[in-house]
Amino acid sequence: MAGIFISYRRDDSAGFAGRLYDRLCAAFPGDKIFIDVERLCSGDDFAREIEGTLRACDVCLVMIGSRWLKAADQYGRRRLDQPNDWVRIEIGAALTRNVRVIPLLVDEAVMPPGEALPPDLVRLSSLQARVLHHYTFTRDVDALVQGIRQASDARRSLAASMASLKAGCVRVHPVDQLEYAWIPPGGFMMGRVPGDGVTDERYDDEKPRHPVQLTQGFWLSRGPVTAGAYGRFVRSRGIAMPPPPKHNPNWADHDHPVVNVTWAEAREYCAWVGGRLPSEAQWEYAARGGRADTCYPWGNEITPDCANYADNTRWQGTSPVGSFAPNDFNLFDVVGNVWEWVSDWYDAGVYAARPPREPTMDPDVQVDVLHKRVVRGGSWDSIPIEARISNRGYCSPSDCVRDFGFRVLLDELPATEPDPS
């Protein structure tokens, strides 16, 4: 088994966390048990450390005591509401990664309801919790250890089944009812392709081209999240849709991409379905679909028959997802229709900092330099140079823009039984 991550608040369940850590070390010799990760670093580096640590884990144990939900800082503000709260960061990262999250209710604690949690943690309330009580601690941990082993065995079995999947095979997510395509692990050259011909210095952040290796496969929504799927999300949460664009009044066209969503709102949708926004590297790898040296998914020229961009007069806004042929990984609209938020912060010089020959493994950018998040792919309002696969757009994460949407990455998506009806 891989590692086990213990998330807890010191002023809420430190004693239980220490006892649990000792028991898990004895039960899983040779495996890494992570605790007190917040001591390792601070600021932006902390988020990076959490992400890296969780990649090495199969399980995240969330210890919830009687003061966990209402714990406040020195100014009386609830800690869980703060974006930089380390417990919130830990749990949020675990919920959107290939990690089994198990809530542990300490003594008389109860599971917090979804409406009491921040948007990115709402899914925690729907997970099956276990109880750790002072008087039955040994018995409770024995049952927990057995549950962890069973979860690890199931995960290994699922990973083995995914290893045989064909690139571009499709499954439907039972929550948002969208189609997702399997993107296999692999390497590619990231950045501007040879012979691109772009001379405008504004696009120099696409250089230099460099090798990247993605060590894990993933599922990616075949197209941008639609207005219909986003409507299911807001209804489940009891919140409002974003303001509709002029070209889709009242969100009447459910098969068009949702737009006018901020980066945080996109992330909250991803958390709802158990996923996250793809990294910039994952996005470009998937968009290329295995083609190494082309400006667009199909070749080096773009016409209105290929995508919805500024020269396409058929639509004066978004188009239905799937209106054009998919790329070689079976993805729709990786070029045009809507710009797509990805997870990375924007750094114009990040490519130059990567090795020119040795592949960079699973790169992402979590250091905020300009307070801009990356967007990719161009939109219905983009000129051809903006719709090239290598082009890197960026925007403030708090902005909602009429041609910005997103797609979702999932680490795993089990096959579902067909509906007998």
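The values are calculated or read from the model by the stated rules, or taken from the named source; none is laboratory data. What you are looking at is a predicted structure, and each value in this text was computed from that prediction instead of being measured. Positions of Cβ are generated from backbone atoms using ideal geometry, with glycine treated the same way; all protein chains shown enter the neighbour counts. Keep in mind that these areas ignore ligands, DNA and RNA; they rest on the heavy atoms of the full protein, side chains included. Shrake-Rupley method; radii C 1.70, N 1.55, O 1.52, S 1.80 Å.
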(request) Kindly provide the helix-only [θ] at 222 nm of the chain, computed as the sum of -39,500 (n - 2.57) over DSSP H runs of four or more divided by all residues, to the nearest 500 deg cm²/dmol? (result) -7000 deg cm²/dmol
(request) Provide the solvent-accessible area of residue 382, counting protein heavy atoms only and rolling a 1.4 Å probe, rounded to the nearest 10 Å². (result) 0 Å²
(request) With just the Cα atoms of region 80-167, tell me how far they stretch along each of the three principal axes, in Å, largest first. (result) 46, 36, 20
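Using unit Cβ charges (K, R positive; D, E negative) and no other charged atoms, how large, in debye to the nearest 20, is the dipole of region 124-201 about its Cα centre? Each step should come with its number before you reach the end.
On the way: 8 positive and 8 negative charges, 108 e Å.
The calculated dipole for region 124-201 is roughly 520 debye.
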(request) Using a 1.4 Å probe and counting only protein heavy atoms, arrange 372, 246 so the residue with the most accessible area comes first. (result) 246, 372
(request) Based on a Kirkwood Rh over C-alpha pairs, give the Stokes-Einstein translational diffusion coefficient of the chain at 37 °C and viscosity 0.692 mPa s in µm²/s. (result) 145 µm²/s
(request) Can you send over the carbon and sulfur percentage of the accessible area for the chain, probe radius 1.4 Å, protein chains only? (result) 50 percent
(request) Quick one: plug the Kirkwood hydrodynamic radius of region 225-313 (C-alpha pairs) into Stokes-Einstein at 10 °C, 1.306 mPa s, and report D in µm²/s. (result) 103 µm²/s
(request) Mind pulling the per residue volume of the convex hull built on the Cα atoms of region 103-213? Å³ is fine. (result) 219 Å³
(request) Could you work out, for region 1-136, what percent of all Cα-Cα pairs fall into each 10 Å distance bin, beginning at 0 Å and stopping at the bin that holds the largest distance? (result) 12, 45, 37, 6, 0
